[in-house]
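Read through the structure below, which is laid out as structure tokens, and then see the notes.
The values are calculated or read from the model by the stated rules, or taken from the named source; none is laboratory data. The structure presented is a predicted model; accordingly, all values stated were derived computationally and were not measured. Using ideal geometry, Cβ is built from the backbone for each residue, glycine included, and neighbour counts are taken over all protein chains shown.
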Amino acid sequence: MAVISRGFGARRRESTPDLPPGQFLTTDFPVLSAGPTPEVDTAEWEFLIRTETGDEKKWSWDELQALPQETIDTDIHCVTRWSKLGTTWRGVSLDTLFAEVETSYDFTMVHSYGGYTTNLPLEDLLDGKAWIATEFDGEPLEPEHGGPARLLVPHLYFWKSAKWVRGIVMHGDDDPGFWEQNGYHTYGDPWQEQRYW
Amino acid sequence: MVTRADWFVGTVTEAAMLTRTGRRLLVDVPGWPGNRPGQHLDLRLTAEDGYQAVRSYSIASFGHGQAVELAVDELPDGEVSPYLVEDVIVGDQLEVRGPLGGFFVWDAEQTEPVQLIAGGSGIVPLVAMARAHHAAASAAPFRLLYSVRTPADAYFADELLSLVDASFALDWVYTRETPSGWPRPAGRVTRELLAETSLSASDAPTVYVCGPTGFVEATAKALVALGHDPQRIRTERFGGS
């Protein structure tokens with residue numbers, strides 16, 4: 001039984017059914033990062049997917065831009081408890097990028113410029129659930145929000161949407177990434193409130 | 001077994017304003033597992049009709065005790081912080097969960113030089129590190145750069161001054177108003193100022209930066225430009241609402 005805080009609740013925020021438990025609405029776009037924002041030049045940017053055989057599929061910035069671009073309207077939910085509803089992104093579906101990849105592994109480790117990693121099951125990246133996003137609200141993605149390109153996996157807490165993404169390595173096991181080693185949940189479903197271990 | 005998912009009931013035992021908008025709370029939390037310097041916790045408030053709100057706060061205290069110290073800055077459009085700053089009184093109960101976070105921490109086993117850089121209430125996790133450094137009589141060189149709007153906006157000023165010794169240096173930056181006779185005009189942290197008032201990249205310090213997003217972004221970028229290894233710069237940001 002929770003203890004009651006006398007007189008608390010007068011300033012409560014708007015609530016909607018779109019808000020997962022324990023989240024509050026924000027109209028800002030806060031930043032959560034463990035270190036400095038890396039500066040990534042699109043002239044040198046590269047994205048790769050590496051499988052268990054060592055096979056690598058690589059895309060340059062121009063090659064990524066030449067792929068079919070999708071518009072994604074979605075809500076995003078940060079583990080630090082803010083949610084932002086109705087955001088608009090543009091990017092390339094992971095289904096497009098994985099179309100030529102052959103793997104029998106079920107898990108992925110996503111790597112970023114700057115050394116950040118996060119782990120996701122492959123099935124959470126496929127079937128229209130994940131993108132490499134390069135635009136937010138009609139503008140090129142700002143570096144502090146992960147530009148030039150970040151992973152976008154909006155059905156999970158937003159730390160899974162790795163900023164400054166550079167590649168995906170297939171794993172046979174669900175090995176923990178950076179935040180997952182430092183206390184955050186291995187899967188991170190906001191509707192189940194999977195915040196911490 | 002105690003897990004991070006458990007809520008502990010805490011009782012406020014001390015409450016005092018630190019600045020015009022910042023308040024220090026000491027909360028007695030039976031069962032609290034202790035925390036490392038720099039960790040944070042989730043704090044939950046429940047209204048009489050069952051409505052709940054949870055926010056994360058850095059912890060100013062460290063170690064094994066069950067007296068958990070917080071320092072909360074009131075956000076003008078906030079929901080939880082105005083309650084903690086204006087309404088809570090000694091004897092009130094609230095709930096906490098944690099400790100949380102395993103990266104933005106300093107442990108006494110670390111022997112390398114450390115540069116702490118705080119903007120405003122971003123001092124809270126860093127004061128825990130400074131206290132731990134002092135309590136351990138650590139010989140690791142520590143230097144704290146604390147950026148505040150005006151002298152009256154500093155948290156823990158007297159305590160921080162009292163920590164200064166051969167292995168702990170303290171530098172101030174005032175962004176709006178300086179003490180009289182201060183050698184530098186008021187202004188934000190810049191690359192030039194960091195070069196003057198923080199450990200050099202050649203000392204290979206671990207750098208902890210905590211503050212509002214804009215402050216942390218600008219500071220971390222300037223540190224990288226000064227040659228600090230990005231892998232040695234740890235940041236914690238707050239911002240938005």
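Okay, here's what the table says:
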{"item": "Condition check for A:GLY91: within 19 Å of A:ARG166 (Cα to Cα) and part of a loop (DSSP other than H, G, I, E, B)", "result": "no"}
{"item": "Exclusive hit being in a helix (DSSP H, G or I), farther than 22 Å from A:TYR187 by Cβ and out of contact with any Cys (no Cβ under 8 Å at 6 or more places or on another chain), set A:GLU102, A:GLU144, A:GLU123, A:GLU135", "result": "A:GLU144"}
{"item": "Hits in region B:171-194 (condition: among the hydrophobic types (A, V, I, L, M, F, W, C) and either more than 24 Å from B:THR213 (Cβ to Cβ) or touching a helix residue (DSSP H, G or I) at 6+ places or on another chain (Cβ under 9 Å) (or both))", "result": "B:TRP172, B:VAL173, B:TRP182, B:VAL189, B:LEU193, B:LEU194"}
{"item": "Region A:161-185 residues that are in contact (Cβ under 8 Å) with a residue 40 or more places away in the chain and at positive phi, paired with ones that are of a type in the set (Gly, Ala, Ser) and buried (at least 23 other Cβ atoms within 10 Å of the Cβ) (beta carbon under 9 Å, 6 or more apart)", "result": "A:TRP164/A:GLY146; A:TRP164/A:ALA149"}
{"item": "Candidate set: region B:89-115, residues that are touching a Gly at 6+ places or on another chain (Cβ under 7 Å) and more than 10 Å from every other protein chain (Cβ to nearest Cβ); chosen: the one surrounded by the most Cβ atoms within 10 Å (Cβ to Cβ)", "result": "B:TRP106"}
{"item": "Residue within region B:72-88 that is over 27 Å from B:THR175 (Cα atoms), touching a residue at least 40 places away in the same chain (Cβ under 8 Å) and more than 11 Å from every other protein chain (Cβ to nearest Cβ) present", "result": "no"}
{"item": "Of all residues in region B:203-219 being facing chain A (nearest Cβ under 9 Å) and in contact with a helix residue (DSSP H, G or I) (Cβ under 6 Å, 6 or more places away or on another chain), the one that is nearest to B:THR111 (Cα to Cα)", "result": "B:VAL209"}
{"item": "Out of B:GLY38, B:GLY63, B:GLY91, sole residue that is under 19 Å from A:VAL3 (Cβ atoms) and modelled with pLDDT of 95 or more", "result": "B:GLY91"}
{"item": "Residue within region B:30-40 that is more than 11 Å from chain A (Cβ to nearest Cβ) and in contact with a Lys or Arg (Cβ under 6 Å, 6 or more places away or on another chain) present", "result": "no"}
{"item": "Filter result for the condition that a residue is more than 8 Å from chain B (Cβ to nearest Cβ), touching a residue at least 40 places away in the same chain (Cβ under 8 Å), among the small types (Gly, Ala, Ser) and buried (at least 18 other Cβ atoms within 10 Å of the Cβ), over A:SER83, A:SER33, A:SER93", "result": "A:SER83"}
{"item": "Selection status of B:ARG191, free of Cβ contacts under 8 Å to residues at least 40 places away in the same chain and of a type outside the set (A, V, I, L, M, F, W, C)", "result": "yes"}
{"item": "Every residue from region B:220-241 that is within 14 Å of B:VAL189 (Cα to Cα) and either more than 9 Å from chain A (Cβ to nearest Cβ) or part of a strand (DSSP E or B) (or both)", "result": "B:ALA222, B:ALA225, B:LEU226"}
